[in-house]
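Below you'll find the structure, written out as structure tokens, and then a few comments.
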Amino acid sequence: MLENKRNTRQTGNIAREGRNFSGNWEKFLPFGVVCLVTILWHAVLKISAGDDVVYFQTLMDERSIWEILAHRYATWSSRMAIEFVLIPLVNYPLLWKVIDILVFTGIPVLLYRILQQEGDSEEENRILSFLISGFTLLYPFSDMVSAGWIATTTNYLWPLFCLLFLAFLAKKLVCGKRILWYEAAAGILFCIYGSSQEQVAAILLVLLVLTMIYFGRRKQWKQPLLFVFTVIDVISLITILRCPGNAIRSAQEIEGRMPQFANFSVWEKIYMGAANVERIFIAQVNSIFFIVTVILAALVYRKTRNYLKTVGAAVPVLVLFGYSVIRTGHPWYEKIFIVPKQEADWNYSSMETWLPILFLMVTAAGMLYGLFCLLRQQLEIYIDTVLLLGVGLASGIVMGFSPTIYASADRPYIYLYFILIFVCLFLLKREGKEGLPEKNKVASKLAVTLFLVFILVNVAEVFWMCHIM
């Protein structure tokens, strides 16, 4: 009898281990798909143009890296930590491909670790990993070729990875978990590297301030690692603001690209930045933004069951509907749903100049209202979410203060993309835990199918762009 009990116990343990392996396999499979797709992209992309070949490969012919960085800081750029890695790396494209594959695959993994909570079921974890990986594959990775693959990814994609890693460490601190020594060391290195990028430095400062406010309200001020990160970030911001090379570069770019920029007022620069954000995310009916706004409206309806509140939250969807269906099917409405041009000369007395900004404001108001409907009972979380979206929007609008706003193409907006993705997934986890009613199962399957179609379309397009560029 004892032998039978022992055999039964062993059988039960084996079954549990089998279920755990199966659950982990299904949970991490989407990240494997992201890795495989990224490998395929990097297998076909060509490093044959851009700053990689034209400029950076020739910098170390005669001078040391320190001499180059000193000269660059004095005459062109404040991104010393990034260029400390970039300048030698351009001569080793295969090494860059390996690191870049790991970085892009690591982004959804970090998002998963940030959003995952103790007590989540295996099903919730599987759904979360699927959604995060899907959104990651929706990002237009071909944006990373605009200044050359190596130069663009090291200046934009890799700082995003650093930012997410620091957010992951902040989450561990908030949850009361111990930061291991190698995590802290990596965090310091990533903070130095990431904060060398101006947009990341600003976003990181907001993240660190919000985290310190969280601990301050709980009288837990002794957070030495947060203090170290904050000091590094502030030093980076001061270095950026005081960099003589940035001013020299700006003057040269104004003369060469946009002479009229020198006479722009602050409001004109804000207008140019805001209009470009509207063009990329709204006027061009961006797929990620479309999915995020549809999910927001659906969550509001699910929580409130109120038609008018749902319509208010769905205003961004209606604006996108206007730009896609109405503008395409009824050409007269091109006078209303105007796609902003990449120009620096506007007629401020014309309604056509202001309509895109109006649509941007209405869209932002609709999103704020939708968030309020979902988070009205927890205003602290609502304010933090709005601040996060606000700093993401500001990271796009601030491009209006650069004469290279159009030359930079769409690469600077990667941070707004992933802030939108993060907020969307956060709301889904928070509001979507209840099971769907049986009558909505078909709608749920249809939504997943459409999501997969969006992913496949983007993956194929990026593959083609990697092949030809």
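The values are calculated or read from the model by the stated rules, or taken from the named source; none is laboratory data. As the structure is a prediction and not an experimental result, all values here were calculated from the model. Glycine gets a Cβ as well: all are built from the backbone with ideal geometry, and neighbour counts include every protein chain shown. The protein model used for the area step is the full one, side chains on, heavy atoms only, and it has no ligands, DNA or RNA in it. Shrake-Rupley method; radii C 1.70, N 1.55, O 1.52, S 1.80 Å.
Quick look at the values:
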read-out	value
Environment charge at Trp464 (Cβ cut-off 15 Å; Lys +1, Arg +1, Asp -1, Glu -1)	-1
Charge dipole (debye, nearest 20) of the range 32-180; +1 at Cβ of Lys and Arg, -1 at Cβ of Asp and Glu	300
Scattering curve values for the range 173-257, log₁₀ I(q)/I(0), Debye with Cα scatterers, q = 0.12, 0.15 Å⁻¹	-0.45, -0.63
Cα-based shape type of the range 272-384, given that a ≥ b ≥ c are square roots of the gyration tensor eigenvalues and the cut on a/c is 1.5	prolate
Sparse-neighbour loop sites [chymotrypsin sites (Phe, Trp or Tyr not before Pro); the range 339-413; at most 11 other C-beta within 10 Å; DSSP]	Tyr348
Pairs of alpha carbons in the chain whose separation is greater than 44 Å (percent)	15
Loop trypsin sites (Lys or Arg not before Pro), the range 264-327 (other Cβ atoms within 10 Å of the site Cβ: 10 or fewer; DSSP)	Arg305
Debye, to nearest 20: dipole size of the range 204-259, +1 on Lys, Arg Cβ, -1 on Asp, Glu Cβ	420
Accessible area of His71 in the full protein assembly, 1.4 Å probe (Å², nearest 10)	90
Local electrostatic count, Val285, Cβ distance below 15 Å [Lys/Arg +1, Asp/Glu -1]	-2
Which listed pairs, of Lys97/Lys341; Lys171/Lys429; Lys46/Lys269; Lys219/Lys309; Lys27/Lys219, have C-alpha distances above 27 Å, in listed order	Lys97/Lys341; Lys46/Lys269; Lys219/Lys309; Lys27/Lys219
Accessible area in the full protein assembly, largest first, 1.4 Å probe, for Leu36, Leu163	Leu36, Leu163
The chain - charge dipole about Cα centre, Lys and Arg +1 at Cβ, Asp and Glu -1, debye rounded to 20	1860
